[in-house]
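Remarks on the structure that follows.
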Amino acid sequence: MSVRGFGKSTTDWIQCLWTAFSMRTFSFLKDSGAVCSPVWKSRVHFPCRNCQRPKLQSLSEHIIRMVLFPATSQTRVKAGSHLCCLGATLLRKIWRTTVSPSLLKDTRFATLALVGVLPNTCCCNVWLLKGHKPVLEPISLEAHIPYLGNDNTQQKGTDLQLLSHIYSAVVQSVLAGIKCFSISSSVSKAKDVAEQTFQLALDNFGLIPYRGALRSKAVFSIQAVNNEGIIIPLSDEDSRFMVKTASMIVHDIPDLQCGGNLGSIVFSESFLVSSMYIQQRDGALCSDSCYTVLTSSVPRHVCWLVDEADVRMSEQAQHLLKEEDGTCLGIPLTVKDSVYMFSNSLLSTPEEGKLVFFSEGILFVHPHHGSITLSMSHINTIKLCDGGSLSDISVLFIEYQTSLLPHLPFPLHSADFSLAIALLPKTKSYKSFYSQVLPAWRKSDSGLRVQHVLSDQLSPEHKSMYSRLLKLHEIHTPAANSQRAVLKTAYPQLPEHDRFLQHFAISSSVGEESVCSDHLSTVFSDTAPENNKHECKRKMVLTIITGLPGSHKENLCDFLMEVNQNRARWEVFCPALESSEEFSASHLQRYLSSLLAKQRETDLNSSRVVLLIPGYTDVLDVIQAITAHPDPQVHSRVTVGAVSACVNPLTSFITHRLLFPKLLEQCSQGVVSNVVFTGLTTEQKHPLLKHMQQLIRAANPSTAFISAEKGAVKRTEDIRLILNDSGFSQSHMINARYLLYPGWWEGRFASGSGSLSISQRCVEFSRPLERALFLQRCKALKSSIKPSPFTGNIYHISGKVLFSDNDRQMVVNCNSISGNVTIAPDQGTHHGPRTTNNCYLMFHGVGLTQEGLKDWLRHCAKQKVEKKVKKNKRTLTPQEIRYIHVKRHLDPLPPGYFYNGHHFVSFFGEKQNFHPLFDQFIDEYVQEANKEIERFNREVDLQPHSDLFDT
């Protein structure tokens, strides 16, 4: 495919060209007529225009998108000949940036600009261009002339310098447009800013006549593409987190001096924007944004020396090393060694080259730029920042005079007129600088002295350069942990990469939710602000203790109250669960409001409130009830200290390794600071304990593990962790909450229900229970547990009851998983959720009903005496028959019978085992027994029975 003979207006053609691009493009179109030959395949046939023989070239490693070469010239080589015969080899070398000036000089290419390579796209843009002059008279892209002792330099390549200045203005405009778009998300505003920046940049370069000429020729645009490369409208919500490309095209640049068309310039950057909503405490909503330019690693300006005069001048500058007499730079003090040179220009990237220190200057030799000389006569100040360690790089910040600009490559020109030279540690240049150069410069007659400065004394521009050079050094330093090696290679070109990743992680997680303005500075720092620590001392601290039934969290609460010496100023809140109701956020909010109101009335401030969270409640629901409290006074006077979760490995699994619902949620990362193990703590190597610790550590890597058998904490350090006033407000905790639970601080995060619905039923009664019956029923629960779906299973019982053998109220706990049943006298604990004087029991299980639980309790109370049934001959038991026989067998016999000691014998010799009057004896026994039954039944009727739940 080819496009031939595009004329003066190239807007449509450039727009079509840009559709194929998604990366930076930098070109000088010097011809009004050119041949455009896109190469789209990895293996392509190029017919040579000179030899007419097809040549197969393999470009499988790097696909070349677009190559432009001249089609019209009075004295020209046929278009395509260099591309066919020399192009493939050259382009591969350009890709590796190892092209030598001599090679370019031999090929006689007029102007060459390497546009850039977008990582992971296998795409390289190289435009080869010919000017109006004959091909054999090349125009050099390098316009700088090394200083060799005089300033009588004559500027060359006026058109090229003009285009370079316009190109620099385009770069500034695109970056300004990206910044504006990241803040406003408006393409129209970004376009206005880009156009204004372009006009101001032209003024700064002294190109005021071109303002009007290029006003209508500069076109700025922003596009978003998905992972398949399809353009997505910016109005689409899905485009928010997509890669975007900002570009500016300046087409048909006129030559205002000689007339004609100098060409066109195209530039773009691919970037990502991270934005989030910020909400103030008063409800005002604003946005905060951050962006990173993904293609910053692609050089914005790459050039080579190709003019023979420039090459000779560069070689002449290097001959200064061989001259024994004094030169314009003095005498050499060191040998060539690798350093990095860098400026604050948008076109500059850290360039590696060979540097030699002279007594009166510096010589820097770059493989592409050639020789750069810095004489002391052009330098105002030299500042040295060495980091204070031999393992840190040392950076020389050189502030120069404007007279040095003609002797510097255009990418090194900066508004602050400064250069940075990085000396790498353990190199010859590093050692020689301190041992030879510094002493020699101190004795120099130039009067210039090296100023030692600290990193915090640098200007903002120098700090940015210093940070970027430090990142560059880090990627070449062997690290013990290389997991982030891939990201670290991008840091020198993406100096704000760390900040952006932090911002993007939060914004992509919260989505349309907002971030509290109080947390904005905290989520992007490593430590909590100091003012938070001071505020905690003035606020009422909420210490939250959570855990499943059977985790001994109540014991931990009582233990903390016992060891507290300031118990009078502590409050304990344990929400009451009525029937099957779940945790009530409004109940907790009303309690906090009433507590603060009570304090205002009595002037007695509670320093701490211990919140004992019941049952299978998600701890995040409790946090959201506090942070989303409708009363602003609560926010200003209440803060969450630390959240501790009690875990008993013996009561954590329903069956096998199936966890009870909400157990891991009660150990959530970003919410829970401590996990208190209250069981198996004396057997640290117990498999169940180790398995539980590994499971919780995977869910919450940053939590602290505390051992407290049955809630009794032994170490003072552990008590301090539980009573920490700022554990919940630490930076990594806030970060984790925004990443895992977007909208949490407004109470908008839905915690969801557990995998298994555990019901909680509270049964009240006023009658005493039978201790033996109750223990018997509790111990039978473990064997009565049913498999999935677990309906009807009772897993935990707790409460306060009276037994018939004791007038004192007892605290009972029964866990059917572990089989433990405890009965202890009520010591007046602080955590009782019931305020009634009646007995009560809290049941936790699956599919429990109130009537079913009442029937279960009735079997634990004294049973109602049943009436006896009257007897008759048929209902007598063998034992009763035997009893009658033993009692009456010696009674007088009727005539004709005698008893031989074993049998009753008649006159006719018949033997029998029972008395001849035994039937009479049975009737008499039945009559007597029935009289006793009637008397017993009358007594039962006289004793009315009361049900366990009768009031």
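Listed values, structure above:
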{"quantity": "Of Asn724, Ala628, Asn674, farthest towards positive along the dipole that unit charges on Lys, Arg, Asp, Glu beta carbons give the range 595-749", "calculated": "Asn674"}
{"quantity": "Dipole magnitude (debye, nearest 20) for the range 198-286, charges at Cβ of Lys, Arg, Asp, Glu", "calculated": "240"}
{"quantity": "Gain upon complete extension [His587, Leu756; 0.36 nm per residue less C-alpha separation]", "calculated": "58.3 nm"}
{"quantity": "Carbon + sulfur, % of accessible area of the range 859-951 - ligands and nucleic acids excluded, 1.4 Å", "calculated": "53"}
{"quantity": "Amide H partners (placed H, <5 Å) of Gly260, local residues excluded", "calculated": "Asp255"}
{"quantity": "Label point distance in nm, Glu496-Ser607, each placed 7 Å from Cα along Cα→Cβ", "calculated": "4.6"}
{"quantity": "Surrounding net charge for Met376, when Lys and Arg each add one and Asp and Glu each subtract one, Cβ distance under 10 Å", "calculated": "-2"}
{"quantity": "√(5λ) per eigenvalue of the Cα gyration tensor, the range 823-913, largest first, Å", "calculated": "65, 16, 11"}
{"quantity": "Per residue Cα convex hull volume in Å³ - calculated over the range 631-766", "calculated": "185"}
{"quantity": "Translational diffusion of the range 632-671, µm² s⁻¹ [Kirkwood Rh, Cα pairs; Stokes-Einstein; 37 °C; 0.692 mPa s]", "calculated": "260"}
{"quantity": "Kirkwood hydrodynamic radius of the range 262-306, from inverse mean 1/r over distinct Cα pairs, in Å", "calculated": "14.5"}
{"quantity": "Fraction of accessible area attributable to carbon and sulfur, the range 221-263 (%, probe 1.4 Å)", "calculated": "51"}
{"quantity": "Net length gained if the chain between Arg312 and Asn937 were fully extended (0.36 nm per residue, minus Cα distance)", "calculated": "211.8 nm"}
{"quantity": "Per residue, in Å², the accessible surface of the range 403-477 once ligands and nucleic acids are set aside, probe 1.4 Å", "calculated": "49"}
{"quantity": "Whole-Å semi-axes of the range 579-687's equivalent ellipsoid (Cα gyration tensor)", "calculated": "33, 16, 12"}
{"quantity": "Computed label-point distance, nm, for sites Leu520 and Thr381 using a 7 Å Cα→Cβ extension", "calculated": "3.4"}
{"quantity": "Cβ-defined net charge surrounding Gln827, 12 Å radius [Lys, Arg +1; Asp, Glu -1]", "calculated": "-2"}
{"quantity": "Lys428 paired with His452, simple spin-label distance in nm, labels 7 Å along Cα-to-beta-carbon", "calculated": "2.7"}
{"quantity": "Intensity falloff of the range 355-453 expressed as log10 I(q)/I(0), Debye formula with alpha-carbon point scatterers, at q = 0.14, 0.20, 0.23 Å⁻¹", "calculated": "-0.53, -1.10, -1.41"}
{"quantity": "Relative pair counts by distance (%), Cα atoms of the range 799-951, 10 Å bins", "calculated": "8, 22, 18, 12, 14, 12, 9, 4, 1"}
{"quantity": "Protection proxy ranking of 607-613, 753-759 - average other beta-carbon atoms within 10 Å, highest first", "calculated": "607-613, 753-759"}
{"quantity": "Amide H partners (placed H, <5 Å) of Ile232, local residues excluded", "calculated": "Ala224, Val225, Asn226"}
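The values are calculated or read from the model by the stated rules, or taken from the named source; none is laboratory data. What you are looking at is a predicted structure, and each value in this text was computed from that prediction instead of being measured. Neighbour counts run over all protein chains shown; Cβ positions are idealised from the backbone, glycine included. Protein only, heavy atoms only, side chains kept; ligands, DNA and RNA dropped before computing areas. Shrake-Rupley method; radii C 1.70, N 1.55, O 1.52, S 1.80 Å.
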